[in-house]
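Just passing along the structure, written as structure tokens.
The values are calculated or read from the model by the stated rules, or taken from the named source; none is laboratory data. No experiment lies behind these values; they were computed from the predicted model shown. Backbone-built Cβ (ideal geometry, glycine too); neighbour counts: all protein chains shown. Calculation scope for accessible area: heavy atoms of the full protein, side chains included, ligands and nucleic acids excluded. Shrake-Rupley method; radii C 1.70, N 1.55, O 1.52, S 1.80 Å.
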Amino acid sequence: MIEDDIYRSSTQFRLWSFTRDSLQSLRANTNALAVERIRATQRRVREAVRSTTPSTVEASTPNPSDAEGGGKPDVIARKDVVCLTPEEELEFVGYYCEQTLELGETYKPSLPTAVRATAIQYLRRFYITNSVMTYHPKSIMPCALFLATKSDHYYMPLQEFANGVPGITNSDEVIAPEFNLTKGLRFTFDVRHPFRGLEGGVMELQAIAQGSGKPGPHHPEKTPEGLMQALLAVTPLDSSPDKQRSIAIRIAKAHSKAREILKTAAQMTDAYFLYTPSQIWFSAFLLADRPLAEFYLDIKIGPPAADDGVNADSTSPLTLIRAKLVSTLSNCSQLLKSYRPVSSDPDKRKSLKGIAKKVYQCQQVEKLDPVGLGRAQKRGSGTPASATGPVGGADAISESDMERVAKKRRLERERKEKETRDIFGGELVAQRNKGAAM
């Protein structure tokens, strides 16, 4: 089994690889379903308000101070809530992906790059089939990061993790949406990153620079000395007299730039959904140092076909593969190059504020849904929780109800563990009282 076959058997390729059109269609469908649910919920809110205070709603005078809605039923019933577009949802998710990187930096020591990258991919995967109008990223993001620490084997106690999340007072808030998150991930937690591929490519170039490189499988006639001379002859980025030292520094700089691209642009764009990890790391390396990347491609596949047909046969399989590969790498490089962080784009920051207001309005509708309220009350609860259940969904449960259930389970589990540790079983008095009560 070759490496490509191994990747094609992974869940990342089978479940989370798309074409641009199919990915766009999935997001549009998710957005349409969320908008439809919100519209239906708002109609129920209006009917409930009209049935209780019809004269008040019809004769009410619009108040400019209620422009934000404020969660009042009559305000929500007065006009349609402006829902997000698929593009706005993607932009909102992108902002919280950046926040994931920043949150990981606040821990001492900082969370590993791979852990933060895994969390970001969890977020992006989750919101392909779930809407930010239904599940707010503010509650999903810390849960995704904590889940990534577990799936990437970076142990951190829940309480210690929760202490580093701003606004979190109870560690249970971190794991509250964990089931919804894992369900949205289709219970697949494996994420194949491009970081290791980059490290391997850089190590090969360093070996070639030291005269100990090995030729590629398609060019066994090349010698380590010939490869080193060819590397030293690569178009220089500066005029340094010491080529041997200059090429080592050049490889190190290209490595650093490419890794930074993989930590940021590769995470914030759709690269993981559209390209393989090897294509992603090599595209980043192309952006970091194109002549060096093209040299690496030459020793692996061979030089490109020249117009005069002297350097390479334009009909050979390797030449055709190279042409197709270069086209794919070019498209991936353009995608990575298109990324602009929110901090460097004032217009995007302004746009995000408007999107956040829309998300708030959409979630205010859910809190007043009479159907959701009725179902929650039948379960002994007051109001449905916007952060833990779908808009107007049948499974809406209040946070207080969830806390009571979690506490009951925890106490029962602790009691059973205590009895298990005691070789003589539980206390006889407690058991006698329990039997008498029954």
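Per residue, how much accessible surface does the range 139-241 expose to a 1.4 Å probe? Answer in Å², no decimals. Spell out each step's value before the answer.
Details: 5590 Å² over 103 residues.
Accessible surface, normalised per residue, equals 54 Å².
Now for a different question. Using per-residue counts of other Cβ atoms within 10 Å, averaged over each peptide, order 92-104, 169-181, 19-31 from highest down.
On the way: 92-104: 20.2, 169-181: 17.2, 19-31: 14.5.
Top to bottom by mean Cβ count within 10 Å: 92-104, 169-181, 19-31.
For the range 196-340, give the magnitude of the charge dipole about the Cα centre (Cβ charges: +1 Lys/Arg, -1 Asp/Glu; no others), in debye to the nearest 20.
Numbers: 16 positive and 14 negative charges, 112 e Å.
That gives a dipole near 540 debye.
Here's another thing I want to ask about it. With unit charges on the beta carbons (Lys and Arg positive, Asp and Glu negative) and the dipole taken about the Cα centre of the range 196-340, which residue among Thr269, Ala293, Pro317 sits farthest to the positive side?
Highest projection toward the positive end goes to Thr269.
Kindly identify the range 196-340 as rounded, prolate or oblate by the Cα gyration tensor criterion: order the square roots of the eigenvalues as a ≥ b ≥ c, call it rounded if a/c is under 1.5, otherwise compare a/b with b/c, prolate if a/b is larger, else oblate. Walk me through the numbers before you get to the answer.
On the way: a/c = 1.83, a/b = 1.15, b/c = 1.59.
Note, shape of the range 196-340 comes out oblate.
Ranked from highest to lowest mean number of other Cβ atoms within 10 Å per residue, what is the order of the peptides 279-287, 208-216?
Values: 279-287: 25.7, 208-216: 16.9.
Packing proxy ranking, top to bottom: 279-287, 208-216.
How many percent of the accessible area of the range 71-205 is carbon or sulfur, using a 1.4 Å probe? List each step's numbers first, then the result.
Working: 3200 of 5650 Å².
On the range 71-205, the fraction of accessible area on carbon and sulfur atoms equals 57 percent.
Let me ask another. Strictly over 32 Å apart at the Cα level, which of Lys183/Lys263; Lys263/Lys350; Lys108/Lys408; Lys214/Lys253; Lys138/Lys263 would you flag in this model?
Lys108/Lys408, as the Cα separations exceed 32 Å there.
Could I have the simple spin-label model distance between Arg8 and Gln24, label points 7 Å from Cα toward Cβ, reported in nm to one decimal?
Label at Arg8, label at Gln24, 2.7 nm between them.
Per residue, how large is the accessible surface of the range 246-285? Use a 1.4 angstrom probe and give square angstrom. Please list the in-between numbers first.
Numbers: 1240 Å² over 40 residues.
Averaged over the residues of the range 246-285, the accessible area is 31 Å².
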